[in-house]
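> Sharing a structure here in structure tokens format.
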Amino acid sequence: MAKKILLVDDEKDLVVTIQLLLEAKGYMVVSANDGLSGLEKAKKEKPDLILLDVMMPHLNGYQLCREIKKDPHLKNTPVVMLTAKAQESDRFWGIEAGADDYRGKIRKSSPNFFPGGNPIYFFTAGSLPEKCSF
């Protein structure tokens, strides 16, 4: 059975792009467009990995991460924050909220949009820290 990833982000175009990349690698992807529906989906779907944006309606990514890590059924699920808030202080607060990793979103206009020129590598377990690999 394919590993399931929950992607929570309010940028619908980005969700579609990341979902297509991950599905092409054989992952099952479910998504939510705000923090509250992300929490509901996490409880319902029991994903193997959760990718979160920070700036979202209803619950922001930090709040959502804290709720996930408080839930006895979800607390061991790896959470990676994938966000435009890429300052060191933002990373601190993401890890403080319980995220297992914190990645800044790199826009298409950047020459480093996909490290190594490989979009799949950036969004697969091969690029995640050991705790988040599955």
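The values are calculated or read from the model by the stated rules, or taken from the named source; none is laboratory data. Predicted, not measured: the structure shown is a model, and the values here were computed from it. All Cβ positions, glycine included, derive from the backbone under ideal geometry; neighbour counts span all protein chains shown.
> Are there helices (runs of 4 or more DSSP H) fully within the stretch 1-71 with at least 1 residues that are in contact (Cβ under 8 Å) with a residue 60 or more places away in the chain? List them.
Filter on the stretch 1-71 gives 12-24.
> Right, next: Out of everything in the stretch 23-37 that is more than 8 Å from LEU6 (Cα to Cα) and of a type outside the set (A, V, I, L, M, F, W, C), what residue ends up being modelled with the lowest pLDDT?
LYS25
One line per residue, one yes/no per condition, for (1) surrounded by fewer than 19 Cβ atoms within 10 Å (Cβ to Cβ); (2) under 18 Å from ASN33 (Cα atoms); (3) of a type in the set (A, V, I, L, M, F, W, C):
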| site | (1), (2), (3) |
| --- | --- |
| ASP53 | no, yes, no |
| PRO57 | yes, yes, no |
| CYS65 | no, yes, yes |
| PRO72 | yes, no, no |
| GLU88 | yes, no, no |
| ILE95 | yes, no, yes |
| LYS105 | yes, yes, no |
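> Another question about this same structure. Need the failing condition index for ALA84 against (1) within 14 Å of the chain's Cα centre (by Cα); (2) at pLDDT 95 or above, just the number.
(2)
> Taking into account only those residues within the stretch 23-32 that are under 12 Å from the mean Cα position of the chain (by Cα) and crowded, with 18+ Cβ neighbours inside 10 Å, which is nearest to PRO47 (Cα to Cα)?
VAL29
> Every residue in the stretch 75-86 that is within 23 Å of LYS46 (Cβ to Cβ), out of contact with any Phe, Trp or Tyr (no Cβ under 6 Å at 6 or more places or on another chain) and crowded, with 18+ Cβ neighbours inside 10 Å, please.
THR77, PRO78, VAL79, VAL80, LEU82
> Something else: Test PRO72 against the stated conditions and say whether it is touching a strand residue (DSSP E or B) at 6+ places or on another chain (Cβ under 9 Å) and either at pLDDT 95 or above or under 20 Å from ALA97 (Cβ atoms) (or both).
No; evaluated as a whole, the condition is false for this residue.
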